[in-house]
Amino acid sequence: MKTQRVEVSEFENKVKEVTEQSDAVFVYFFGTEDPSTGKLWCPDCVRADPVIRKTLDKESPHGLLLECPVGSRTEWKGNASHPYRTNPQTKLTAIPTLMRWTLAKWAFE
């Protein structure tokens, strides 16, 4: 499975672009890597990440995974105005979150 990292500022344009080209688009939201350790700051993300990637590689090898880091712990935790929380298409409440995205609609996976 191909992967592309997408920053918050480019999310909407990138999702629109790739869903017009492929019907197997998965959007994965997770805690950003901590610069001091190089590891994801979110313990749930650390546990889920290898499972998500392995499953998608097996089940959808020709699909596309958009990696959408939510930022640092302070940018995410308790920030009700985070763009992924307030975006009407994502309405993100927790990480990690994996969505399958289509032109017509999005669906939680």
Exercise for the section: Under 6 Å between Cβ atoms, at least 6 apart or on separate chains: pull out the pairs that start in region 66-87 with a residue that is under 27 Å from K2 (Cβ atoms) and end on any residue that is modelled with pLDDT under 95 and of a type outside the set (S, T, N, Q). Expected result: P83/V8
Handout entry: Selected residue (criterion: farthest from I95 (Cα to Cα)) from residues of region 16-59 that are small (G, A, S) and at pLDDT 95 or above
Key = A48
Problem - Every pair of residues 6+ apart whose Cβ atoms lie under 8 Å, when the first sits in region 22-44 and is free of Cβ contacts under 8 Å to residues at least 12 places away in the same chain while the second is part of a loop (DSSP other than H, G, I, E, B) - result: L40/G31; L40/T32; L40/D34
Exercise for the section: Select from region 56-69 the residues that are in a helix (DSSP H, G or I) and under 15 Å from the mean Cα position of the chain (by Cα) and list them in ascending order. Expected result: L56
Fill in the blank from the handout: Within region 21-48, the count of residues that are part of a loop (DSSP other than H, G, I, E, B), within 24 Å of R85 (Cα to Cα) and more than 12 Å from the chain's Cα centre (by Cα) comes to 6
Fill in the blank from the handout: If we ask which residues in region 1-13 are farther than 18 Å from G71 by Cα and part of a helix (DSSP H, G or I), their number turns out to be 1
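The values are calculated or read from the model by the stated rules, or taken from the named source; none is laboratory data. Model, not experiment: these values are computed from the prediction. Quick reminder, even Gly has a Cβ in these numbers, built from the backbone with ideal geometry, and neighbours come from all protein chains shown.
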